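Only one structure is covered here, and it is reproduced in the block below.
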Amino acid sequence: MKRNGKLSASLHALVHMAQMPGRAMTSEEIASWLHTNPVVVRRMVAGLRDAGILSSTRGHGGGWTIARPADKITLAEVAAALDERLIPFSTEPENPRCLVERAVNEALDGVRDEIEQLLSRRLAKVTLADLAARCGPGITAYLENNHAH
């Protein structure tokens, strides 16, 4: 199954940021963690900012910071802020006039909706702080000394 790259990348960055609360992170720094371009990061964080998960400051020493405590941000909120379907299969019709295809797509849409609701309920029980705790206590020192991995 294809992994949702935008959600994975966002959670990766947010957990790093949760390990160093209050420290502003530049798009370049975040991009180095994700092995991507800062432009990709800026597009990714726009929805997170709009949802009140991240905030930004301009100028020297500016960057992105987590807007709320990590234990108050659920994975479901992050997923919703990214406005992406979490279940990767598509039911876009290839031949909209085909009655069989329409029946199959309607059945799959219902299943996908149920799975997404279940997944969202599960993600609502996990916070960024929970993920950060799974990384162990040594991650903060590692990040402060290495910044990229």
Open item on the list: Among the residues in the stretch 3-23, are any farther than 29 Å from K125 by Cα and without any contact (Cβ under 8 Å) to a residue 40 or more places away in the chain?
Closed with: no
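Got a sec? Which of L54, L11 is surrounded by 12 or more Cβ atoms within 10 Å (Cβ to Cβ) and either modelled with pLDDT under 90 or touching a Ser or Thr at 6+ places or on another chain (Cβ under 9 Å) (or both)? Talk me through it step by step, then tell me what you get.
Values: L11 fails: either modelled with pLDDT under 90 or touching a Ser or Thr at 6+ places or on another chain (Cβ under 9 Å) (or both).
Sole residue among the options that is surrounded by 12 or more Cβ atoms within 10 Å (Cβ to Cβ) and either modelled with pLDDT under 90 or touching a Ser or Thr at 6+ places or on another chain (Cβ under 9 Å) (or both): L54.
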Open item on the list: For a quick check of your reading of the model, give me the residue pairs whose first member lies in the stretch 104-133 and is among the β-branched types (V, I, T), whose second is modelled with pLDDT of 90 or more and in a helix (DSSP H, G or I), with beta-carbon atoms closer than 9 Å and at least 6 apart or on different chains.
Closed with: V126/L75; V126/A76; T127/A70; T127/D71; T127/K72; T127/L75
Open item on the list: Given the options G47, G5, G59, name the one that is at positive phi and either surrounded by fewer than 15 Cβ atoms within 10 Å (Cβ to Cβ) or within 12 Å of the chain's Cα centre (by Cα) (or both).
Closed with: G59
Open item on the list: Can you go through L99, L119, L143, L108 and tell me which one is under 17 Å from H12 (Cβ atoms) and either surrounded by 11 or more Cβ atoms within 10 Å (Cβ to Cβ) or at pLDDT 85 or above (or both)?
Closed with: L143
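The values are calculated or read from the model by the stated rules, or taken from the named source; none is laboratory data. None of these values were measured; they are calculated from a predicted model. Here the Cβ is made from the backbone with ideal geometry for all residues, glycine too, and neighbour counts use every protein chain on show.
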